[in-house]
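Take a look at the structure below.
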Amino acid sequence: MSDMTRNDMTSTNSAGAGGGLVNAQAIFLLIGLALLLAAPFFVYPIFLMKLLCFALFACAFNLLLGYTGLLSFGHAAFFGGAAYITAHTVKEWGVTPEIGVLLGVLAAAFLGLVMGFVAIRRQGIYFAMITLALAQMFFFFCLQAEFTKGEDGIQSVPRGHLFGVVDLNNPIAMYFFVLAVFLIGMAIIWRFVNSPFGMILKSIRENEPRAVSLGYAVDRYKLGAFVMSAALTGLAGGVKALVFQFATLTDVSWQMSGEVILMTLLGGIGTLVGPIFGAGLVVTLQNYLATSSFPVTIITGVVFMVCVLVFRRGIIGEFYASRLGRKLGFVHRR
Amino acid sequence: MAGQHAQTDSRVVLSARGLTRDFGGFTAVNKVDLDVRHAEVHALIGPNGAGKTTVFNLLTKFLQPTRGTIHLLGQDITKTAPDKVARMGLVRSFQISAVFPHMSVLDNVRIALQRPNNLAVQFWRPLSALDRLNERADALIAAVGLEKERDAFAVDLSYGRKRVLEIATTLALDPKVMLLDEPMAGMGQEDVAAIAKIIRNVAKDRAVLMVEHNLSVVAEISDHITVLQRGEILATGNYETVSSNPEVRSAYMGTEHA
């Protein structure tokens with residue numbers, strides 16, 4: 001019994017399914033880790049790194065959509081903004097890659113604070129529209145600004161030496177750097193969701209007027225989640241700039257904001273790992289269909305429609321809610 | 001009326017003067033004066049559409065009054081934000097049950113305890129940091145008789161039990177004034193008796209203002225009754241005063257309750 005209560009407290013899926021939950025989670029986690037460690041020796045590393053960047057992006061976005069209930073349509077600003085800052089500081093200032101990424105994160109967090117401060121006052125579609133409008137303003141800023149090099153973007157960004165020691169031009173070294181960043185990002189998200197703060201976020205999502213009547217200034221909590229989501233998105237964007245060695249307008253465009261929504265919905269909102277699978281699916285499709293004469297957007301569009309119609313909860317959400325998922329002790333929260 | 005004004009009675013914790021709210025051309029609440037006293041159960045009754053819930057929303061600042069003033073513990077809260085009002089000690093419940101459905105009973109109560117115990121903003125600490133709230137949470141759960149349901153999801157509780165849980169979370173804030181919007185609506189006799197007892201109990205050291213339709217319970221547990229009709233006060237006083245008022249009898253109570 002005491003074991004059960006313990007699980008209830010340490011897990012997001014706190015329906016009290018007992019030991020099955022922790023065991024299944026641990027096994028899946030280990031399998032996933034093993035695959036990630038072995039993958040670069042079998043699969044093209046750049047593709048894997050792209051996948052990890054977008055997976056982290058989608059998970060950071062899900063922190064807002066799934067765990068706070070806010071649909072942002074402007075996350076490209078944080079992703080692309082951080083990419084520009086990282087690319088610029090690494091290339092022009094000659095800082096080491098980890099400092100460049102960190103500066104990208106800080107810039108994204110600051111941008112998130114400003115955008116969030118304006119947008120959080122409205123809810124639902126109005127919130128989404130304000131974030132979209134602000135992100136578009138940022139897009140045109142990037143188009144006009146000097147340091148972003150306009151239509152060309154910042155090209156041939158050197159990857160440099162991690163901590164001044166490890167040469168990131170080696171694809172395997174670069175891959176493990178990206179993997180480490182990804183795992184750190186996921187750990188931060190996990191902790192954020194399963195923390196006292198995360199409980200308050202959950203209560204706001206469950207019943208906002210009640211949270212207000214208990215004395216919570218809900219806008220501040222939402223803003224906190226918004227800034228955290230923006231910062232982690234910046235982490236993904238900054239690393240992406242190093243992986244591809246460029247930062248362009250594509251990363252700040254509204255299509256990018258739409259793509260991350262697609263990834264999150266495909267994988268399953270409000271599940272920790274769902275967006276990883278959603279990102280994996282979209283990035284894989286884009287990669288393998290890139291050379292086909294058939295336009296890739298039509299295929300992803302069809303996949304999206306089928307998924308929304310058949311897997312309403314997303315791939316992972318549907319798995320959690322399935323008989324097998326429940327047997328393994330997963331619980332889909334809604 | 002003028003003799004028993006707010007300032008002369010030190011037991012008054014929440015008072016409204018000339019409280020008015022217009023919605024477009026419609027005046028939902030019109031010049032309502034209200035004094036809620038410490039250690040009293042004050043019932044707000046009246047037919048449907050009389051403006052009871054609007055008064056609640058005005059007092060708790062979920063709505064802004066068009067005119068009038070509200071004082072809580074001597075401080076003017078007419079322009080204060082609702083979450084600030086809650087932190088000052090005025091905590092409300094809602095007409096539809098206000099629980100966090102996909103959380104356990106324990107977590108529901110702990111949410112209320114987190115802020116007063118400075119455990120609401122730590123995004124870097126594990127959930128086990130909240131375990132130190134368990135003792136207090138369990139005491140509150142026991143106070144309303146929900147021990148057996150402690151680890152159940154709020155969504156799975158019966159309606160009556162949800163209302164009880166709501167009272168427990170409200171009590172967690174140790175409010176000076178508790179506003180209960182129809183705490184017994186849609187409940188069976190057994191639950192009504194249980195809630196009535198809990199309300200009497202919690203009113204020993206705080207003020208309770210409640211909207212309620214169940215007149216036999218109102219008669220039984222209220223120290224003071226205010227009758228609203230079409231947004232205006234029809235009568236106010238103890239049960240005898242109010243129930244013998246001919247206007248009240250014809251407008252609302254009927255004869256069987258007099």
>> Give me the residue from the range B:81-97 that is surrounded by 22 or more Cβ atoms within 10 Å (Cβ to Cβ) and either hydroxyl-bearing (Ser, Thr, Tyr) or over 15 Å from B:Leu14 (Cβ atoms) (or both) and, out of that set, farthest from the other protein chains (Cβ to nearest Cβ).
In response: B:Ser97
> Within the range A:187-220, can you find the residues that are within 9 Å of another protein chain (Cβ to nearest Cβ) and touching a Leu at 6+ places or on another chain (Cβ under 6 Å)?
Replying inline: A:Asn194, A:Pro196
> Which condition does B:Arg67 not pass, out of (1) more than 14 Å from chain A (Cβ to nearest Cβ); (2) within 18 Å of the chain's Cα centre (by Cα); (3) basic (Lys, Arg), if it passes all the others?
Replying inline: (2)
>> Just checking, does the range B:131-138 include any residue being more than 9 Å from chain A (Cβ to nearest Cβ), modelled with pLDDT of 90 or more and part of a loop (DSSP other than H, G, I, E, B)?
In response: no
> Here is a list of conditions, (1) in contact with a Gly (Cβ under 7 Å, 6 or more places away or on another chain); (2) more than 8 Å from chain A (Cβ to nearest Cβ); (3) not aliphatic (A, V, I, L, M), and B:Asp151 meets all of them except one; can you say which number that is?
Replying inline: (2)
> Any idea which of B:Ala152, B:Ala219, B:Ala143, B:Ala137 is outside the structural domain of B:Arg115 (by TED's automatic domain parsing) and small (Gly, Ala, Ser)?
Replying inline: B:Ala219
> When the range B:105-125 is examined, which residues are found to be of a type outside the set (Val, Ile, Thr), at the interface with chain A (Cβ under 7 Å from one of its Cβ atoms) and farther than 10 Å from B:Ala137 by Cα?
Replying inline: B:Gln114, B:Arg115, B:Leu119, B:Ala120, B:Gln122, B:Phe123, B:Trp124, B:Arg125
>> Cβ-Cβ under 6 Å, sequence separation 6+ or interchain: first residue in the range B:1-29 and modelled with pLDDT of 90 or more, partner among the hydrophobic types (A, V, I, L, M, F, W, C) and part of a helix (DSSP H, G or I). Which pairs?
In response: B:Val12/B:Ala6; B:Ser15/B:Ala6; B:Leu19/B:Leu58; B:Arg21/B:Leu58; B:Val29/B:Val55
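Would you check if B:Phe62 is aromatic (Phe, Trp, Tyr), within 10 Å of chain A (Cβ to nearest Cβ) and buried (at least 21 other Cβ atoms within 10 Å of the Cβ)?
It is false that B:Phe62 is aromatic (Phe, Trp, Tyr), within 10 Å of chain A (Cβ to nearest Cβ) and buried (at least 21 other Cβ atoms within 10 Å of the Cβ).
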> Within the range A:192-236, can you find the residues that are basic (Lys, Arg) and in contact (Cβ under 8 Å) with a residue 40 or more places away in the chain?
Replying inline: A:Lys202, A:Arg205, A:Lys222
>> Given the criterion of a type outside the set (A, V, I, L, M, F, W, C), closer than 19 Å to A:Thr233 by Cα and either surrounded by fewer than 18 Cβ atoms within 10 Å (Cβ to Cβ) or in contact (Cβ under 8 Å) with a residue 60 or more places away in the chain (or both), identify the matching residue among A:Gly80, A:Gly153.
In response: A:Gly80
> Does at least one position in the range B:229-236 carry a residue that is at positive phi, touching a strand residue (DSSP E or B) at 6+ places or on another chain (Cβ under 9 Å) and of a type in the set (Gly, Ala, Ser)?
Replying inline: yes
>> Quick check on this structure: which one of A:Ile204, A:Ile188, A:Ile200 is touching a helix residue (DSSP H, G or I) at 6+ places or on another chain (Cβ under 8 Å) and surrounded by fewer than 21 Cβ atoms within 10 Å (Cβ to Cβ)?
In response: A:Ile188
>> I need a count of the residues in the range B:150-179 that are surrounded by fewer than 20 Cβ atoms within 10 Å (Cβ to Cβ) and of a type outside the set (Lys, Arg).
In response: 9
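The values are calculated or read from the model by the stated rules, or taken from the named source; none is laboratory data. Here the structure is a predicted model, which is why all the values come from computation and not from measurement. Here the Cβ is made from the backbone with ideal geometry for all residues, glycine too, and neighbour counts use every protein chain on show.
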